[in-house]
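**Student:** First the structure, which I've put down as structure tokens, then a few questions once you've had a look.
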Number of protein chains: 12
Amino acid sequence: MSDHVYKHITLTGSSTRSIEDAVQNALSRASATVKNMRWFQVTDTRGHIENNQIAHWQVTLEVGFTLEP
Amino acid sequence: MSDHVYKHITLTGSSTRSIEDAVQNALSRASATVKNMRWFQVTDTRGHIENNQIAHWQVTLEVGFTLEP
Amino acid sequence: MSDHVYKHITLTGSSTRSIEDAVQNALSRASATVKNMRWFQVTDTRGHIENNQIAHWQVTLEVGFTLEP
Amino acid sequence: MSDHVYKHITLTGSSTRSIEDAVQNALSRASATVKNMRWFQVTDTRGHIENNQIAHWQVTLEVGFTLEP
Amino acid sequence: MSDHVYKHITLTGSSTRSIEDAVQNALSRASATVKNMRWFQVTDTRGHIENNQIAHWQVTLEVGFTLEP
Amino acid sequence: MSDHVYKHITLTGSSTRSIEDAVQNALSRASATVKNMRWFQVTDTRGHIENNQIAHWQVTLEVGFTLEP
Amino acid sequence: MSDHVYKHITLTGSSTRSIEDAVQNALSRASATVKNMRWFQVTDTRGHIENNQIAHWQVTLEVGFTLEP
Amino acid sequence: MSDHVYKHITLTGSSTRSIEDAVQNALSRASATVKNMRWFQVTDTRGHIENNQIAHWQVTLEVGFTLEP
Amino acid sequence: MSDHVYKHITLTGSSTRSIEDAVQNALSRASATVKNMRWFQVTDTRGHIENNQIAHWQVTLEVGFTLEP
Amino acid sequence: MSDHVYKHITLTGSSTRSIEDAVQNALSRASATVKNMRWFQVTDTRGHIENNQIAHWQVTLEVGFTLEP
Amino acid sequence: MSDHVYKHITLTGSSTRSIEDAVQNALSRASATVKNMRWFQVTDTRGHIENNQIAHWQVTLEVGFTLEP
Amino acid sequence: MSDHVYKHITLTGSSTRSIEDAVQNALSRASATVKNMRWFQVTDTRGHIENNQIAHWQVTLEVGFTLEP
């Protein structure tokens, strides 16, 4: 592991259901173009309100993936 | 949207079930006196412990609502 | 309550299911050696990714417990 | 001045023209219901983009006003 | 306690005598219009200087009060 | 809006005229390769000094753009 | 001093009288089990309110003590 | 450039017109006693309000200048 | 007040008695060389411990003074 | 320099030897795909431990490179 | 790895030679009483000065170790 | 030590070799005009890149020195 180099990207995913689901949605969409994702860190948790209800969650995450040697 | 003015308030809601539920409880209670709530941001996630179990979650959120022109 | 003294410790728990479950797992493991835990605050929410899926959540929390007089 | 008590509120104003104008727009709208505003501090500067141009600025500010004795 | 919802407000109080006194002055003035105040957190400690002496302290605090169900 | 996924990038633009102009310069240059930019947040405001005058402003901004489904 | 190793712990002490007294109460209680305490840093200053009065102060401090060689 | 040593100072300038002008006013006044100023970073943006209008801006900046070898 | 320029300096004062006294001690010592001090902000509150007692407080403050036109 | 636009990326490099070496390793790997790197800022310094020894350093850095006009 | 629970402790180590050496010194001393240390994060880098020379480095680190199941 | 008053200054030193060397270079240059320097804290670690190599390190430090009584 000592010779790994990671690049970090920042994503915001959304979900009408939960914080966990918003994270997974961001990862699924990003996986079309980003390979070798290894870890994430949640950096912001927000949401939109409609009629006094949580309409959807918006979760921002930093994602690390390995750069090929 | 460019002529909106928002006011922010800060609330702490609680729930025995989940982080998401504590946010919804805060919004539901505040809706009695606050109209036009549009978005929220979670700023603190805490909880109380009884007998080594999570007794309830306490989630603090900043809420934005539009000021009537 | 005014004569309580609390000591804080920091833990990281993990779970394949949810943020809430990772917190409970940390508390359950710590309860073997720490008594009188009263509250916690989530300070970091991370996770590991395998095959573009959340493999498990890692949640860091500060926990306060009362020191016996 | 030593016996003043201030209450703080947080506002977000917007403008298609400048940061300064967004702050003034927030103050003008709030003045309908808030009296004795004395100072502000800018805490966030954001904006929306349309066709690669800044469509409008959104500036968040904390405002202090004196509470009547 | 698990069904409490708190609203937070921010105040700045002042005193020529001490930090503690500036906090109490803010609470006393706010109590004319805010009921059910439960806790506070000091977020800024400042002061004015005249003739190289502390002329008065200015202490900013966030205050939580319960919203009636 | 609930199924949007955003990617964030960070840019620094410069201008001899104003903060607002430095932001627009960054967006204009980035638009050659980045599509669907939606919002920005200013995270740093700096500048260079020559002969005691502001020679140019350097403004750092985080930009969000939608990832195509 | 150059070969000292310190361990840090975090405590919250309380007092009905003052911030200073809350710090001393935390140190006195901790001294039953922690030896060689050298310095502290105040990291949070809170309190509880009853009948619009400060009921007690709660002060959180990080404490450093030397590890025996 | 690799053998430069910079000293930093912090200034607050004001202006009735704009953020940019408040920065330039601080630099102009400081230039009477500080030589070789090279860069600045804005660290706080505040203002005073009179009759619901921005009366003047107060902008705090950190300034770096080279120490003569 | 709109044409004032302030310079900020940072000081650490100490006292065996209280936080307030440590601030005053820093201002008194600095007044030998710094004129026109107007305000301060406490940025750090620490102390040394001897025999489980607070031996002295060390308080760091940022001080603003007006630059002569 | 006043018409430069920079893009920032975030990398984590590792090394068994030193913090400086971990930074250089990240730059060397990234240089395969990123041109015109101009500056970096260290934002996190971590490491892994094996048998009570530092096994390798992991250093996170933000890197700025110029966007071609 | 998904069922690990980590406890964090905070240490300050010192060295007359380098930042890296101060970290290793902290780990070596702590290893007498702490088992299963896995990672560290540097959170503060300070030092003492004598005769205008760095006399020794003082580096603070958070260390994570696994709690036995 | 309880009657010491410290003044803090901020410096940025550089070196082609290491972080430690950049700190020492800042202290050596400052010692021409600043006496009684006692401690420092590293607050920023940056560097310039040429041809994908670290060209030099730039380290910012806060330095405390005693004010003569």
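The values are calculated or read from the model by the stated rules, or taken from the named source; none is laboratory data. Predicted model only: the values in this text are computed from it and were never measured. Glycine also receives a Cβ, built like all others from the backbone with ideal geometry; neighbour counts cover every protein chain displayed.
**Student:** Filter the stretch A:8-17 down to residues that are closer than 20 Å to J:Thr60 by Cβ and of a type in the set (Val, Ile, Thr) and give me whichever is surrounded by the most Cβ atoms within 10 Å (Cβ to Cβ).
**Tutor:** Looking only at the stretch A:8-17, we keep the residues that are closer than 20 Å to J:Thr60 by Cβ, and these are A:8-11.
Next cut, of a type in the set (Val, Ile, Thr) only: A:9-10.
Numbers: A:Ile9: 18, A:Thr10: 21.
Only one residue tops the list, namely A:Thr10.
Conditions tested, residue by residue: (1) facing another protein chain (nearest Cβ under 7 Å); (2) in contact with a Pro (Cβ under 9 Å, 6 or more places away or on another chain); (3) farther than 26 Å from G:Gly64 by Cβ; (4) modelled with pLDDT of 95 or more.
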site: I:Ser31; (1), (2), (3), (4): yes, no, yes, yes
site: I:Asn36; (1), (2), (3), (4): no, no, yes, yes
site: I:Phe40; (1), (2), (3), (4): yes, no, yes, yes
site: I:His56; (1), (2), (3), (4): yes, no, no, yes
site: I:Thr60; (1), (2), (3), (4): no, no, no, yes
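**Student:** What tally of residues in the stretch G:15-34 results from selecting those that are under 18 Å from E:Trp39 (Cβ atoms) and within 9 Å of the chain's Cα centre (by Cα)?
**Tutor:** Residues in the stretch G:15-34 being under 18 Å from E:Trp39 (Cβ atoms) and within 9 Å of the chain's Cα centre (by Cα): 1 in total.
**Student:** Can you name every residue in the stretch E:24-61 that is assigned to a strand (DSSP E or B) and charged (D, E, K, R)?
**Tutor:** If we filter the stretch E:24-61 for residues that are assigned to a strand (DSSP E or B), which is where we start, we get E:37-50, E:53-61.
Within the stretch E:24-61, E:Arg38, E:Asp44, E:Arg46, E:Glu50 qualify.
**Student:** In this structure, does H:Ser14 turn out to be assigned to a strand (DSSP E or B) and among the polar types (S, T, N, Q)?
**Tutor:** Answer is yes for this residue.
**Student:** A follow-up question, please. Hey, can you tell me all the residues within the stretch B:33-69 that are under 17 Å from C:Gln41 (Cβ atoms) and among the β-branched types (Val, Ile, Thr)?
**Tutor:** B:Val42, B:Thr43, B:Thr45, B:Ile49, B:Ile54, B:Val59, B:Thr60
**Student:** With respect to I:Val5, determine if the residue is in contact (Cβ under 8 Å) with a residue 24 or more places away in the chain, more than 7 Å from every other protein chain (Cβ to nearest Cβ) and either farther than 30 Å from G:Val63 by Cβ or basic (Lys, Arg) (or both). Steps first, please.
**Tutor:** Details: in contact (Cβ under 8 Å) with a residue 24 or more places away in the chain: yes; more than 7 Å from every other protein chain (Cβ to nearest Cβ): no; either farther than 30 Å from G:Val63 by Cβ or basic (Lys, Arg) (or both): yes.
It is false that I:Val5 is in contact (Cβ under 8 Å) with a residue 24 or more places away in the chain, more than 7 Å from every other protein chain (Cβ to nearest Cβ) and either farther than 30 Å from G:Val63 by Cβ or basic (Lys, Arg) (or both).
**Student:** How about the stretch A:18-67: which of its residues are surrounded by fewer than 21 Cβ atoms within 10 Å (Cβ to Cβ), touching a residue at least 12 places away in the same chain (Cβ under 8 Å) and among the charged types (D, E, K, R)?
**Tutor:** Across the stretch A:18-67, the qualifying residues are A:Asp21, A:Lys35, A:Arg38, A:Asp44, A:Arg46, A:Glu62.
**Student:** Only one of F:Glu68, F:Glu20, F:Glu50 is out of contact with any strand residue (DSSP E or B) (no Cβ under 8 Å at 6 or more places or on another chain) and more than 28 Å from A:Arg29 (Cα to Cα). Can you tell me which? Even if it seems obvious, please write down each step before you answer.
**Tutor:** Numbers: F:Glu68 fails: more than 28 Å from A:Arg29 (Cα to Cα); F:Glu20 fails: out of contact with any strand residue (DSSP E or B) (no Cβ under 8 Å at 6 or more places or on another chain).
Checking each option against the conditions leaves just F:Glu50.
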